[in-house]
Amino acid sequence: MADAGTLRERCLAIVGSPELETKLAPGLELLPDLERGPSLYLAQPARAPELALRGGAARLPRPDQLGSPAARAACLRRFAHHELQAVELFAWALLLWPELDPELRRELAFVLADEQRHCRMYLERLRAHGEELAGEPLSDYFWKHAPAIRAHPRGPLAFLAAMGLTLEQANLDFTALYAEGFRAAGDEASARVSERVHADERGHVALAARWLARLAPAGESELQAYAASVPFPLEASRAKARRFDAAARRAAGLSEALIEHVRTARATQESRPRGRRTDA
């Protein structure tokens, strides 16, 4: 299915095929987007048995622990799998909302292609460590948010807030931290991959912020639109790492109000959904 001729067909192949090679096949962003078809909701991606999703995840080694090849491999596997889940979820979104503005769909396709490339780069570094993606259980951390995104009354805005302004915003911090950790451990090639992903993530965060502003109700600030759109249990406290990179967020064009909101956010203990608020 990797040679599918339209964007919809390729997205169906990405979510519906169990094979990693099909999910990561390049060229998707060049395909025509003419036959969008009806809205299609896929609850889970097809996965080969060795790539099956599981709940929970082992603790990620800290950047100062990467002197061990096993620790570096654990990080590379986790990062590659995050990118793979992002690949699947961007395809999932394009199938779920065929009515999206053609310009937004095209931009999402380019982000999807970036995520494929990121996954391939991390997998190359993982194999250089003598490991494969299927070397240990793979967490469903990204995919477990799909039902809440779909159920959210703001639909595509919830996707932008969840993926671009929460998970990818957090990766602005993580990619910088782990680039330093890989470099300090003497793994320059992995450090460069993390830096490349960091640079691309700025563009992805910028895209999410730009389209959230375009699609949100008139008069909402960026912070209000984010607070009203992000689906529980995702929230601002999950949009960062322990070391906060404000400069990267400014480079992505985020407002100072949202940057400060994320910087000072603390995890909520609420047990009820929050993404339905319309106030800041």
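Values for this structure:
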| item | result |
| --- | --- |
| Pick from region 210-232, criterion aliphatic (A, V, I, L, M) and more than 17 Å from the chain's Cα centre (by Cα), ranking: surrounded by the fewest Cβ atoms within 10 Å (Cβ to Cβ) | Ala218 |
| In region 234-251, residue surrounded by the fewest Cβ atoms within 10 Å (Cβ to Cβ) [restricted to those that are in a loop (DSSP other than H, G, I, E, B) and out of contact with any Ser or Thr (no Cβ under 8 Å at 6 or more places or on another chain)] | Arg242 |
| Residue check, Gly37 within 21 Å of the chain's Cα centre (by Cα), surrounded by fewer than 13 Cβ atoms within 10 Å (Cβ to Cβ), modelled with pLDDT under 95 and not aromatic (Phe, Trp, Tyr) | no |
| Which numbered condition Ala91 misses (of (1) in contact (Cβ under 8 Å) with a residue 60 or more places away in the chain; (2) out of contact with any Cys (no Cβ under 8 Å at 6 or more places or on another chain); (3) among the small types (Gly, Ala, Ser); (4) in a helix (DSSP H, G or I)) | (2) |
| Listing of helices (runs of 4 or more DSSP H) fully contained in region 97-216 that carry 3 or more residues being among the charged types (D, E, K, R) and more than 28 Å from Ala267 (Cβ to Cβ) | 102-128, 188-215 |
| Tabulated pairs, region 232-245, first within 14 Å of Leu165 (Cα to Cα) and of a type in the set (S, T, N, Q), second in a loop (DSSP other than H, G, I, E, B) and modelled with pLDDT under 95, C-beta under 6 angstrom, 6+ apart or interchain | Ser237/Arg266; Ser237/Ala267 |
| Every residue from region 252-280 that is of a type outside the set (D, E, K, R), at pLDDT 95 or above and either more than 24 Å from Arg62 (Cα to Cα) or loosely packed, with under 14 Cβ neighbours inside 10 Å (or both) | Ala252, Gly253, Leu254, Ser255, Ala257, Leu258, Ile259, His261, Thr264 |
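The values are calculated or read from the model by the stated rules, or taken from the named source; none is laboratory data. Every value quoted in this text rests on a predicted model; they were computed, and no experiment measured them. Virtual Cβ from ideal backbone geometry, glycine too; neighbours counted across all protein chains shown.
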